[in-house]
Amino acid sequence: MNDKRQDKVTITEVAKHAGVSTATAGRVLGGYGYSRQEIKDRVKQAAEELGYRPNLLARGLITGKTKTIGVVAGDIQSPFYASILRGIADVTRAAGFGILLTNSDEQIERELEAVQLLREKQVDGLIIAPSDLSGSPHLQAAVRDGCPVVLIDRAIKNLAADAVCVDNRAASRDCITRLTDAGHRRIGLVAELERWEGGDITDFLTAVEDGALDSSTLFPSWQRLYGYIDALRSAGLPIDPGLIGRVGVYSSEAARKETQRLLERPERPTALFTADGLMSAAAMHVITSLDLQIPRDLSLICFDDLDWMSFIKPGIAAVVQPLTEMGEAAARLMLARVEGDGSKPQYLALQPKFAARGSIAAPLAL
């Protein structure tokens, strides 16, 4: 019995065992060049008997491909990214590719480290949820170097890369329209709204009014605010900046404080729209603490459908994002680029679904 560690078996040993040259064994095991079927069978049998494991990096130096895709997620603990990653993994595995997963914590410094690490590992391409939508010179450099890049959840201005997102603006517009159709005129919004270089909420409203914004290159929470504005304008309702809860950071505590501010206004909103799962959980904490009854005292729609929203009574109406499909679409685009697809970059805006439950009713007082 061979007592060597299997991961130490070399291609030279495989070649000797099969009775062929090292170059021939390399061609067979690397999947490049031509060898007779009889030679292929002998080399593969020798590799199996010895427990040979290929060195993917070494093979990549010859073929130019490592059969691995690098993925940079914003937060690998989040159910949002977990579902996207499942879609990526399913498609890449079926194609014989592996993934190397890293985490940025939505911080540009960590994203830079992750991208550098993955490129040093010679991944065949990068799938990334970017933290910087205005410049991202590290991703610009990757594209210039011929490394395929596929963006998920966000698109970067002037980056020649595929992007797979959700149509946040249209989905939010639909949510607010449902509330205005139910008779609501004071609709509060709680959203992260962390990064926008154009200024404060008033500046954003002005830019929307002037038609000066490309919503596709905004962060998702700003796109959802854009849809909120669209719906109110279509309903002929004024935009009250005081009803827009800009949390400013991705923080449950900060979201609770902002929700508290909205719901303790002298003329509090009769409906509330929360722009992501964390904002929704924080809002529910405040709604419960104030002993408000849904939907009698407050109608509620949440962006992102979380398990608890269907468990409680009444259930909470929510936007259901196609997260697994987003990951699958990103992986398919990446595999096509790795195989040499040189067509124009694609921007895919997937359409979410709406889960209508029992959290919407006409306001008690108009």
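Counting neighbouring beta carbons within 10 Å and listing from fewest to most, the residues Tyr250, Tyr52 come out as Tyr250, Tyr52. Model label points for Ala349 and Lys8, set 7 angstrom from Cα along the Cα-to-Cβ axis, are 5.9 nm apart. Full extension of the chain between Asn158 and Glu339 yields a length gain of 62.8 nm, computed as 0.36 nm times the residue separation minus the alpha carbon distance.
Taking GluC sites (Glu not before Pro) across region 241-285, the ones in a DSSP loop with at most 13 further Cβ atoms lying within 10 angstrom of their Cβ are Glu264, Glu267.
Computed from backbone phi, the HN-Hα couplings of region 325-340 come to 5, 4, x, 4, 5, 4, 5, 5, 4, 4, 4, 5, 5, 4, 7, x Hz, rounded to whole numbers (Karplus: 6.51 cos²θ - 1.76 cosθ + 1.60, θ = phi - 60°; Gly and Pro given as x). For Arg144 and Ile312, the FRET efficiency from 1/(1 + (r/R0)^6), where r spans their Cβ atoms and R0 equals 41 Å, is about 0.25. Rounded, prolate or oblate: pick one for region 93-179, where a ≥ b ≥ c are the square roots of the eigenvalues of its C-alpha gyration tensor, a/c under 1.5 means rounded, and failing that, prolate if a/b is larger than b/c, else oblate. Taking the square roots of the gyration eigenvalues as a ≥ b ≥ c, region 93-179 is prolate. Before anything else, pin down the relative contact order of the chain: Cα pairs under 8 Å, at least 6 apart, normalised by residue count, whole percent. Reported as a whole number, the value is 17 percent.
With K and R counted +1 and D and E -1, the other residues having a Cβ less than 11 Å from that of Gly146 yield a net charge of 0.
The share of alpha-carbon pairs in the chain lying farther apart than 34 Å comes to 40%.
Annotation: the antiparallel percentage among DSSP beta bridges lying fully within the chain is about 10. Bridging of Lys257 to aspartates and glutamates at a Cα separation below 17 Å is possible for Glu192, Glu194, Asp276, Asp291, once same-chain residues fewer than 8 apart are set aside. Take the alpha carbon gyration tensor of region 213-256, find the square roots of its eigenvalues, order them as a ≥ b ≥ c, and report rounded if a/c is under 1.5; if not, report prolate when a/b exceeds b/c, else oblate. Verdict is oblate for region 213-256. Cross-link partners of Lys65 among lysines, defined as those whose alpha carbon lies under 30 angstrom from its own and excluding same-chain residues fewer than eight positions apart: Lys4, Lys8, Lys16, Lys40, Lys44, Lys121, Lys157, Lys344.
Here, each number is a calculation from the coordinates, and none is a lab measurement. Just so you know, these numbers come straight off a predicted model, no measurement behind them. Every residue, glycine as well, gets a Cβ built from its backbone with ideal geometry; the counts of neighbours run over all protein chains shown.
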